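Shown next, in structure tokens, is the structure this report addresses.
Read-outs throughout are calculated quantities, based only on the coordinates presented, and are distinct from any laboratory measurement. Quick caveat, the model's predicted, so the values are computed rather than measured. No Cβ is skipped: glycine too gets one built from the backbone with ideal geometry, and neighbour counts run over all protein chains shown.
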Amino acid sequence: SQQGEEDPQALSIQEGENATMNCSYKTSINNLQWYRQNSGRGLVHLILIRSNEREKHSGRLRVTLDTSKKSSSLLITASRAADTASYFCATDNQGGSEKLVFGKGTKLTVNP
Amino acid sequence: DTAVSQTPKYLVTQMGNDKSIKCEQNLGHDTMYWYKQDSKKFLKIMFSYNNKELIINETVPNRFSPKSPDKAHLNLHINSLELGDSAVYFCASSVRGQGLRGYTFGSGTRLTVV
């Protein structure tokens, strides 16, 4: 069953601006991960945040996690045209078998 | 070298045919997965194997049969293909119990049933 719901479904910004995508989920989790998918390609793992972490950084990426609200956000700073892709959150749920449950994704377009 | 490779990349076939998709990983991972991505980009897990043993079998028609000859390979055979099977199928791998490193995905197989 679907777990994550990304918001917005689509986002269009100018190069240099920041992009923020949100993800909400329903059950308790072990960790939450963000993936990027370029058009016609497979998914690439970006960053993972554990359930006991609140914020994590990796380069221009910043992920926050609020387990009380069952939500996460992905911030891409100083966006580039090459950041154009779909972004998915995925949860590794507590008590369940090891599998990632993906949201529907946010399609980000960065205009040069 | 590609870490998770799938073949073929594209597959166009008629309804009722039987087809297979192959997946191989050279990462030394012990767990492999098949995901299906529909036309709305929604990804749903189908199967997972750990060291050749089936550990996840979601509600998938029994026309779909995975086979793992060894922990580096996970193939997907589909019998009596239907129009609704058209989708992109992704293979992925990970190390069980070490999901902290995330999954590594293949580039996908776009299946079109006509």
So, in nm, how far is label A:Asn111 from label B:Asn51 when the simple model puts each one 7 Å beyond its Cα toward the Cβ? 5.5
FRET efficiency, B:Val60 to A:Ala10 (Cβ-Cβ, R0 22 Å, nearest 0.05): 0.15
Given R₀ = 41 Å, what would the calculated FRET efficiency be for A:Lys69 paired with A:Arg41, taking r from the Cβ atoms and rounding to 0.05? 0.85
Report the gain in length on full extension from B:Lys67 to B:Thr7: 0.36 nm times residue separation, minus Cα-Cα distance, nm rounded to one decimal. 20.1 nm
Solution diffusion estimate, µm²/s, Stokes-Einstein, region B:1-100, Kirkwood Rh from C-alpha pairs, 37 °C, viscosity 0.692 mPa s: 236
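Which of A:His57, A:His45, B:His77 has the fewest other C-beta atoms within 10 Å, and how do the rest follow up to the most?
Ranking A:His57, A:His45, B:His77 by Cβ neighbours within 10 Å, fewest first, gives A:His57, B:His77, A:His45.
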Got the relative contact order for chain A handy, in percent, Cα pairs under 8 Å and 6 or more residues apart? 39
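For each pair in A:Lys69/B:Lys52; A:Lys70/B:Lys9; A:Lys26/A:Lys56, compute the distance between the two Cα atoms and list the pairs where it is over 31 Å.
A:Lys69/B:Lys52; A:Lys70/B:Lys9
Hey, with R₀ at 35 Å, roughly what FRET efficiency would A:Asn52 and A:Arg80 work out to, going by the Cβ-Cβ distance, to 0.05?
Step by step, r from the Cβ atoms, then E = 0.65.
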